């Protein structure tokens, strides 16, 4: 008997507390939930969408491989991770310590009160498309039949998405000869 391995994509976001730390804890939660994390995007600072006055988000995307788990079981595990990391309410309009969204589960199409696949708004959101294009630019949306790169180039979203670096550091230390002085990539 062979196991079917499914490639899935998850978006992670945080705009409360230690945002980068929350994302790392989210990835750790995915690993502990028996998801094989095979790719991770960089971190991107993004403006909140439809949340006036809320602090900016850090967002990223991950590719995971799973077997012997349904999309619904996967989503249930992700909700548990959110709960364990301090998210008590799944409202779309409130700041949050962590947000995990199942974007794709292979090419599965699903429409239930609990889960819609592919994620119904991912093609309208730069904060999802930019990190996702970093790790899965050629993945074809099973409903829209366009790859992620094309969805990104055609999205009507013009919100700010900037590659994040910790404040006061560009990640290379303090030697001026080693500083990366290229401006961060900005998508709008």
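Kindly provide the set of residues from region 139-149 that are under 20 Å from residue 43 (Cα atoms) and either modelled with pLDDT under 95 or surrounded by fewer than 16 Cβ atoms within 10 Å (Cβ to Cβ) (or both), ordered by number. Scanning region 139-149 gives a single hit, 149.
What residue, of 42, 29, 53, 13, is more than 13 Å from the chain's Cα centre (by Cα), at pLDDT 95 or above and within 25 Å of residue 164 (Cα to Cα)?
After ruling out the rest, the residue left standing is 29.
Applying the condition of being more than 16 Å from the chain's Cα centre (by Cα) and not in a strand (DSSP E or B) to region 110-126 and asking which residue is surrounded by the fewest Cβ atoms within 10 Å (Cβ to Cβ) yields 113. The set of residues in region 72-109 being outside any loop (DSSP other than H, G, I, E, B) and touching a helix residue (DSSP H, G or I) at 6+ places or on another chain (Cβ under 6 Å) consists of 81, 100, 102, 103, 105.
Of the residues 76, 54, the single one that is within 27 Å of residue 6 (Cα to Cα) and without any contact (Cβ under 8 Å) to a residue 60 or more places away in the chain is 76. For region 1-39, a residue qualifies if it is surrounded by 17 or more Cβ atoms within 10 Å (Cβ to Cβ) and in a strand (DSSP E or B), and the qualifying residues are 6, 7, 8, 9, 10, 11, 12, 13, 14. Per this entry, residue 131 is counted among residues that are crowded, with 21+ Cβ neighbours inside 10 Å and touching a residue at least 40 places away in the same chain (Cβ under 8 Å). Being touching a residue at least 60 places away in the same chain (Cβ under 8 Å) and out of contact with any strand residue (DSSP E or B) (no Cβ under 9 Å at 6 or more places or on another chain) is a description that does not apply to residue 13.
The values are calculated or read from the model by the stated rules, or taken from the named source; none is laboratory data. Because the structure is predicted, anything quoted here is derived from the model rather than measured. All Cβ positions, glycine included, derive from the backbone under ideal geometry; neighbour counts span all protein chains shown.
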